[in-house]
Amino acid sequence: MKLFELTLPPWYSNAVVRHITFGILIGFTLSVTSTSISSYWRSRRRQSISQERHKSRPIELRSNEVVYGVTGLIGNTPLVRIDSLSDALGVEILGKAEFLNPGGSVKDRVALRIIEDAEQRGLLHPHTGSRIFEGTVGSTGISIATIAKARGYDTTIIMPDDVALEKVNALQALGADVQRVRPASIVDKKQYVNIARRAAIEFGRSDIGKGLENAHKSHELHTGSASVVVTTTSSHVNAEGSTDDPLDEDLLSKPRGFFADQFENRSNFEAHYDGTGPEIWRQTNSHVDAFVSGAGTGGTIAGIGRFLKSMDEEVQVVLADPEGSGLYNKVKHGVLYDRREAEGTKRRHQVDTVVEGIGINRMTNNIDLGIPIIDDAFRITDVEAVAMSRYLVQNDGLFLGSSSACNLVACIKFVKKRGWRDGQTLVTILCDSGNRHYSKFWNDDYLRKANIPVDRSIIDDLIAQPAGSGV
């Protein structure tokens, strides 16, 4: 008797063994081959994408691509991948290159929409000697002055006297009447926005006799909006204010004063809801995981944020807020307050930061539209913003302004907090270039006197933070 003798079933034969063996070998070979082919093509695809990204492309000119005037250049700005941050974090950080607008900033969209809406409503008529008034820290004023010249209007810009001198020079070069005032709280009648509003009202009285027969008349026109102020120099007005009469040539042809009021004017929000937001959605092939933005008037984050959430409610809207602004606490704690507002602690009256263009300590109509849809917020220090600006020049060749730097710091902090590293897409706004910030944000001597260090290694440290950290 043989131990461990194996008895095979009668149907089993050498032929069956061969067939089974060949089947296993063929299956294994096909599996290995298909895996190898798949890996090969993935490798080729990555190589092709890399080469496509870095190779020079000729400028593509298509037929019927002539735009009409300077306003035709506004919008349809490209999305640029921030290679250094995207590669380091394992995500796609895309910047909307708004500094490529003809006026040099994202505010071109707002200025154009405000003026176009006013014209469509009959509140402004070009080439009538009318003047647009606005209170601004610079960028919106430059955009208004640019478009006003093309549309046949004059401009008066009221601004704080501590903004970068480059903005003042640009406004004057565009023919704007620039008035610089001390920074003050919005409750102060000498605050720059309040002065602009009052100047628009006074404009309506400038060409009218000041005799007793006109003392009872109001030169304000009914606009249907509490924020938009329009006055006329026409004598065809009454005590309660007037409404446009399309048959009254004197009323239509006389100069008007128009207060744009970017902070409260809903055209600000709509410029981004109808324009910038849809552009981003198309450029990303309908795939955005997060939108990151600062807020000055609130129109950008509200308009783009609301549009993106209308397309995909899972899109995260994230606020980047500079030092001295109260919006971070409004999002996080429901209270609009910053500790730097304590008596005797502030360097300036409005927002205590070297960053210009974002940050505010009051609610506006446009911010009201944004607060309900903001999912997270990050406080960005002056030191971090300065470090990011230098990091981008060193690693990406991007020369950007202070608010753009804040937005990109917030991108890092949000990615780290969420632990994202699987190619998620974040879109932010590159508001303006560094050309408007030579005298302050890009002036190392100024920063040194303000006790703000210049150290781009701070960004390396942020990137090196572990996932899930609060940074």
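Placing a label point 7 Å from the Cα of ALA173 along the Cα-to-Cβ direction, no residue of the range 377-407 has its backbone N under 12 Å from that point. If you find the alpha carbon centre of the range 373-442 and of the range 77-149, how far apart are they in angstrom? Computed from Cα coordinates, the inter-centre distance equals 19 Å.
Using 0.36 nm per residue, how much length does the chain from ASP250 to ASP161 gain when fully extended, once their Cα-Cα distance is taken away? Provide the component values of the computation, followed by the final result.
Values: separation 89, 0.36 × 89 = 32.04 nm, distance 3.82 nm.
That works out to 28.2 nm of additional length.
If R0 equals 22 Å, the separation of the Cβ atoms of ASP375 and ASP461 corresponds to a calculated FRET efficiency of about 0.30.
Taking every alpha-carbon pair under 8 Å whose residues sit at least 6 apart, the range 104-213 reaches a relative contact order of 23 percent. Site pair MET311 and ARG421 shows an inter-label distance of 2.9 nm when each label is modelled 7 Å from Cα along Cα→Cβ. Set against the 2.2 N^0.38 Å expectation for a compact globular protein, the range 62-110 has a Cα radius of gyration ratio of 1.47.
Return the FRET efficiency for the residue pair HIS287, ASP87: r is the Cβ-Cβ distance, R0 is 25 Å, and the value is rounded to the nearest 0.05.
Numbers: r = 19 Å, r/R0 = 0.76.
Given R0 = 25 Å and the Cβ-Cβ separation, E is 0.85.
For the range 354-471, build the convex hull from the C-alpha positions and give me its volume per residue in Å³. Kindly include the intermediate steps, with their values, before the conclusion.
Numbers: hull volume 14.9 nm³, N = 118.
So the per-residue Cα hull volume is 126 Å³.
The trypsin sites (Lys or Arg not before Pro) of the range 246-298 include none that meets both criteria, a DSSP state outside H, G, I, E and B (loop) and at most 11 other C-beta atoms within 10 angstrom of the site's C-beta.
In the frame of its principal axes, the range 388-455 has Cα extents of 41, 22, 18 Å, reported largest first. Of the solvent-accessible surface of the range 364-471, computed with a 1.4 Å probe over protein heavy atoms with every protein chain present, carbon and sulfur atoms account for 45 percent.
The convex hull drawn around the Cα atoms of the range 349-389, when projected onto a plane and averaged over every direction, covers 3.7 nm².
Of the whole protein surface, ASP422 contributes about 130 Å² of accessible area at a 1.4 Å probe radius. Checking every one of the trypsin sites (Lys or Arg not before Pro) in the range 96-194 against DSSP loop status and a limit of 16 other Cβ atoms within 10 Å picks out ARG121, LYS189, LYS190. Filter the cross-link list LYS167/LYS416; LYS107/LYS417; LYS332/LYS413 down to pairs whose alpha-carbon distance in this structure exceeds 27 Å. Over 27 Å Cα-Cα: LYS167/LYS416; LYS107/LYS417.
The values are calculated or read from the model by the stated rules, or taken from the named source; none is laboratory data. Since the structure is predicted, the reported quantities are computational estimates derived from the model, not experimental observations. A quick note on method: Cβ atoms are made from the backbone with ideal geometry, for glycine too, and the neighbour counts reach across all protein chains shown. These area figures cover heavy atoms from the full protein model, side chains too; ligands, DNA and RNA do not enter into them. Shrake-Rupley method; radii C 1.70, N 1.55, O 1.52, S 1.80 Å.
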